[in-house]
Every structure is written in C-alpha cells, then in structure tokens.
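Student: Here's a structure for you.
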Amino acid sequence: QVQLVQSGGGWVQPGGSLRLSCAASGSISSFEVMEWWRQYPGKQRESVAFMASPTNIVYPDSVKGRFTVSKDAFKNTLYLQMNNLKTEDTAVYYCLGAGIKGSTWGQGTQVTVSS
C-alpha cells in the first residue's frame with residue numbers, strides 16, 4: 001500500500017504563507033482523488049482542498065482564493081500552497097489519497113498562525 005509522508009508546516013504570522021508537501025512512497029497516480037483536510041482540537045476534520053484532476057478542484061469558501069492544491073506526478077508529491085494565512089487556519093493538516101483500493105492518510109502536520 002502506498003504511504004503518504006507529510007512535510008512543511010510550522011509557525012507563521014497572519015498574512016504569511018506556508019507550503020505543505022505530501023510525498024507518496026509509490027505512484028501518486030494510484031490515487032483517484034487527493035485531498036487536504038484540517039482538524040481543530042476536539043473537532044472533526046474538514047476538507048480544505050479536493051482534487052480529482054487538474055480541472056476538477058474544489059475548495060470551501062473559507063480558503064478559496066488563498067489555498068492552492070497541486071500535484072507533481074514526477075515527484076509523486078501533492079502540495080498545498082497557503083497564502084494570506086489567518087489565525088483561524090491554525091490546525092493540524094492532513095493529506096488524503098483515495099482510490100478503488102481504499103484510502104490513505106498522511107501523518108498530519110501542525111500549522112500555527114499567530115502574531
């Protein structure tokens with residue numbers, strides 16, 4: 001089974017930018033859908049980016065225009081570029097790959113936005 005390993009994240013001031021990476025141990029193309037989710041303490045995870053193809057991408061209103069998901073098939077890596085970050089973006093972020101063989105989560109990475 002293809003594993004997903006995340007990197008990036010950390011602390012940034014409001015208005016700043018961060019990029020998260022999610023590297024697959026095998027072919028990232030084995031996943032039909034790739035997503036980024038986030039989770040606040042004590043809350044359920046919520047989707048922040050859904051990608052079924054380069055032309056089929058969905059963002060919730062809360063991040064639309066600020067977050068951009070992309071995939072590099074040669075590097076087998078999914079990215080989440082986060083710009084103009086707000087304090088309410090503080091959460092643990094997870095990548096998810098889903099396909100006919102099931103789904104796989106990354107290990108999660110903390111993003112903290114504060115002054």
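Student: Restricting the search to the stretch 17-27, which residues are open to solvent by less than 50 Å² (accessible area, probe 1.4 Å) and either of a type outside the set (G, A, S) or free of Cβ contacts under 8 Å to residues at least 24 places away in the same chain (or both)?
Tutor: If we filter the stretch 17-27 for residues that are open to solvent by less than 50 Å² (accessible area, probe 1.4 Å), which is where we start, we get 18, 20-24, 26.
The answer is L18, L20, C22.
Student: In the stretch 104-115, which residues are open to solvent by 20 Å² or more (accessible area, probe 1.4 Å) and either charged (D, E, K, R) or farther than 19 Å from M51 by Cβ (or both)?
Tutor: Hits for the stretch 104-115 are Q107, Q110, T112, S114, S115.
Student: State all residues of the stretch 1-13 that are touching a strand residue (DSSP E or B) at 6+ places or on another chain (Cβ under 6 Å) and open to solvent by 40 Å² or more (accessible area, probe 1.4 Å); if no residue qualifies, say none.
Tutor: Going residue by residue through the stretch 1-13, those that are touching a strand residue (DSSP E or B) at 6+ places or on another chain (Cβ under 6 Å) are 2, 4-9, 11-12.
Scanning the stretch 1-13 gives V5, S7, G8, W11.
Student: Can you tell me which of V63, V69, V48 is part of a loop (DSSP other than H, G, I, E, B), closer than 18 Å to N83 by Cβ, of a type in the set (V, I, T) and within 13 Å of the chain's Cα centre (by Cα)? Even if it seems obvious, please write down each step before you answer.
Tutor: On the way: V69 fails: part of a loop (DSSP other than H, G, I, E, B); V48 fails: part of a loop (DSSP other than H, G, I, E, B).
Within the list V63, V69, V48, the selection yields V63.
Student: Only residues that are of a type outside the set (A, V, I, L, M), closer than 23 Å to K101 by Cα and under 17 Å from the mean Cα position of the chain (by Cα): list them for the stretch 1-27, please.
Tutor: Here is the first cut: in the stretch 1-27, the ones of a type outside the set (A, V, I, L, M) are 1, 3, 6-11, 13-17, 19, 21-22, 25-27.
Then drop every residue that is not closer than 23 Å to K101 by Cα, which leaves 1, 3, 6, 21-22, 25-27.
Selection gives Q3, Q6, S21, C22, S25.
Student: Identify, please: which residue in the stretch 28-57 is among the β-branched types (V, I, T) and open to solvent by less than 20 Å² (accessible area, probe 1.4 Å) and is, among those, farthest from S103 (Cα to Cα)?
Tutor: From the stretch 28-57, those among the β-branched types (V, I, T) are 28, 33, 48, 55, 57; that's our starting set.
Among the residues that remain, those that are also open to solvent by less than 20 Å² (accessible area, probe 1.4 Å) are: 28, 48.
On the way: I28: 12, V48: 17 Å.
Top of the filtered list is V48.
Student: Go through the stretch 58-79 and report how many residues are open to solvent by 60 Å² or more (accessible area, probe 1.4 Å), under 16 Å from L20 (Cα atoms) and of a type in the set (G, A, S).
Tutor: 0
Student: Out of Y93, Y40, Y79, Y59, which single residue is touching a Cys at 6+ places or on another chain (Cβ under 8 Å) and either closer than 20 Å to V113 by Cα or at pLDDT 95 or above (or both)? Break it down stepwise before answering.
Tutor: Details: Y93 fails: touching a Cys at 6+ places or on another chain (Cβ under 8 Å); Y40 fails: touching a Cys at 6+ places or on another chain (Cβ under 8 Å); Y59 fails: touching a Cys at 6+ places or on another chain (Cβ under 8 Å).
The match here is Y79.
Student: Residues in the stretch 80-103 that are buried (at least 20 other Cβ atoms within 10 Å of the Cβ) and outside any loop (DSSP other than H, G, I, E, B): how many?
Tutor: Step one: list which residues in the stretch 80-103 are buried (at least 20 other Cβ atoms within 10 Å of the Cβ), which gives 80, 82, 85, 89, 91, 93-97.
If we keep only those that are outside any loop (DSSP other than H, G, I, E, B) too, we end up with 80, 82, 89, 91, 93-97.
Number of matching residues: 9.
The values are calculated or read from the model by the stated rules, or taken from the named source; none is laboratory data. All values derive from a computational prediction rather than experimental measurement. Please note: Cβ atoms are built from the backbone with ideal geometry, for glycine as well, and neighbour counts cover all protein chains shown. For the accessible areas, the whole protein counts, side chains as well, though only heavy atoms, and no ligand, DNA or RNA atoms are used. Shrake-Rupley method; radii C 1.70, N 1.55, O 1.52, S 1.80 Å.
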